[in-house]
Every structure is written in structure tokens, then in C-alpha cells.
Amino acid sequence: DTGVSQDPRHKITKRGQNVTFRCDPISEHNRLYWYRQTLGQGPEFLTYFQNEAQLEKSRLLSDRFSAERPKGSFSTLEIQRTEQGDSAMYLCASSPQGAQFVLEQYFGPGTRLTVT
Amino acid sequence: AQSVTQLGSHVSVSEGALVLLRCNYSSSVPPYLFWYVQYPNQGLQLLLKYTSAATLVKGINGFEAEFKKSETSFHLTKPSAHMSDAAEYFCAVGGNYGGSQGNLIFGKGTKLSVKP
């Protein structure tokens with residue numbers, strides 16, 4: 001059983017550079033979520049897809065952030081003009097459809113971003 | 001708005017002792033409640049969930065949690081701690097409110113240490 005995978009696991013970038021992260025959900029999970037986790041905090045919701053449709057975006061997702069899920073399978077999260085405050089762990093989660101799975105989300109290992 | 005408060009950012013117990021991690025929630029609608037565990041540099045793993053069925057919920061690794069509506073609590077317990085339980089634990093609440101169908105709201109986490 002393949003879980004949620006994320007790539008890369010670690011990314012170090014200089015301020016002002018663009019970065020892109022990839023998430024591959026569990027196959028046949030139609031819902032996909034992105035969260036951000038900073039040190040000493042719980043994950044904070046960023047955005048959510050059902051199939052290829054982006055249904056919700058948090059106010060944390062500034063216009064420098066964009067997420068896509070072009071074919072309803074993998075998703076990418078891009079951060080443009082990175083700032084030091086973007087340093088965090090970026091977590092992806094997926095969820096199957098069905099009433100018995102309401103909000104039951106399975107998380108990947110995360111991508112740790114360090115902006116220098 | 002929904003929120004979660006985890007009392008105690010750090011809990012230390014001896015191996016074999018009772019584990020009690022506290023979580024209180026705020027919700028104007030019947031909540032879905034979750035406990036997740038996170039090991040260092042890893043993603044979150046679902047321990048258990050409450051979705052308005054039985055108020056006592058059993059999860060993996062011997063953990064259980066009891067939903068108490070009158071106390072707005074969902075505390076996590078384990079009768080006998082094991083060294084491998086040392087990790088960070090997150091309580092989360094979710095529900096179909098404000099049009100949201102997906103995101104979980106997490107507490108700040110409680111780091112559990114287990115002494116030999």
C-alpha cells in the first residue's frame with residue numbers, strides 16, 4: 001500500500017527564488033490538501049482540491065503561492081519570490097471519498113523548506 | 001469559528017505509566033475530532049477519529065479517546081506508556097462549517113517524553 005509521497009524532502013533556497021513542491025496522493029484518493037507547519041505549531045491549512053478543482057484557499061495562501069492539480073492526480077505547490085517567513089514544513093494529505101471517510105486525511109512525510 | 005486547545009506543550013511520563021494528553025475544542029456544530037501522532041522529521045499519522053458514533057474511540061497502538069460533549073473535551077489516553085510512544089501528538093477538529101468541506105484545524109501539539 002503506497003502512501004502519500006512528497007518531493008523533495010528538503011529544499012534550501014535563497015530569498016527571492018521560486019520553488020516548486022510535488023505531492024503524489026494515495027491512488028484513487030480524490031481529495032488533496034496542502035498544509036504548512038512551522039516550528040512549535042500544528043499544521044495550518046493552505047488549500048484543498050477535489051479531483052482537479054481547487055475548492056478552497058486559506059488567507060495564508062498569499063498571491064505568491066499557487067497550487068495546481070492538473071489531472072486530478074499529483075499536485076504541485078509553487079512559491080514565488082520566497083521570503084524567510086516561508087521557511088516551514090509543507091505537508092500534503094489525501095482523503096478518499098465516502099461518508100465513512102469524512103475528513104480522514106493521510107499525510108505525506110512533508111517537504112522542509114529553508115529560505116536563507 | 002472552530003478551534004482546538006491542547007493543554008500542556010510537553011508531557012513526561014515513566015515507561016509503564018498512564019498517558020493522558022488533553023484536548024478541548026470549540027465548535028458550534030457537531031465536530032469531527034482526530035488525534036494524530038508525528039515522529040521527528042515525519043508526516044502525521046492518524047491515531048483515531050470521532051465522528052459522532054461511539055463516544056469512546058479506540059485507535060492504533062493502544063490509544064483511545066473519549067468524547068465528552070459537556071466538557072467539550074477529547075482527551076487521549078493509553079494505560080501503559082512505551083518508549084516508542086515518544087513523539088508529538090496533535091488534536092484536530094473538522095466539520096462542514098462556513099462552506100468548508102475539507103480542512104482540519106490543529107492544536108499546537110503536545111510533545112510526549114517517556115522516561116525509562
Residue count, the range A:18-44 (criterion: under 21 Å from B:V37 (Cβ atoms) and touching a strand residue (DSSP E or B) at 6+ places or on another chain (Cβ under 6 Å)): 13
Test: residue in the range B:42-52 that is surrounded by 20 or more Cβ atoms within 10 Å (Cβ to Cβ), outside any strand (DSSP E or B) and either in contact with a helix residue (DSSP H, G or I) (Cβ under 6 Å, 6 or more places away or on another chain) or at pLDDT 95 or above (or both): no
Residue count for the range B:53-83, restricted to those that are in a helix (DSSP H, G or I) and touching a residue at least 40 places away in the same chain (Cβ under 8 Å): 2
Qualifying positions in the range A:87-116 - within 13 Å of another protein chain (Cβ to nearest Cβ) and in a loop (DSSP other than H, G, I, E, B): A:P96, A:Q97, A:G98, A:V102, A:L103, A:E104, A:Q105, A:G108, A:P109, A:G110
Residue list for the range A:33-43, restricted to those being within 10 Å of another protein chain (Cβ to nearest Cβ) and either over 16 Å from A:Q105 (Cα atoms) or surrounded by fewer than 17 Cβ atoms within 10 Å (Cβ to Cβ) (or both): A:G40, A:Q41
Top-ranked residue of the range A:15-46 - restricted to ones that are free of Cβ contacts under 8 Å to residues at least 24 places away in the same chain and part of a strand (DSSP E or B), ranked as nearest to the chain's Cα centre (by Cα): A:F45
Residue within the range A:69-86 that is part of a strand (DSSP E or B) and surrounded by fewer than 21 Cβ atoms within 10 Å (Cβ to Cβ) present: yes
Pair list, Cβ under 7 Å, 6 or more apart: the range B:28-49 residue closer than 19 Å to A:W34 by Cα, other residue assigned to a strand (DSSP E or B) and among the acidic types (D, E): B:Q38/B:E88
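The values are calculated or read from the model by the stated rules, or taken from the named source; none is laboratory data. What you see is a predicted model; the values in this text were computed from it and never measured. Positions of Cβ are generated from backbone atoms using ideal geometry, with glycine treated the same way; all protein chains shown enter the neighbour counts.
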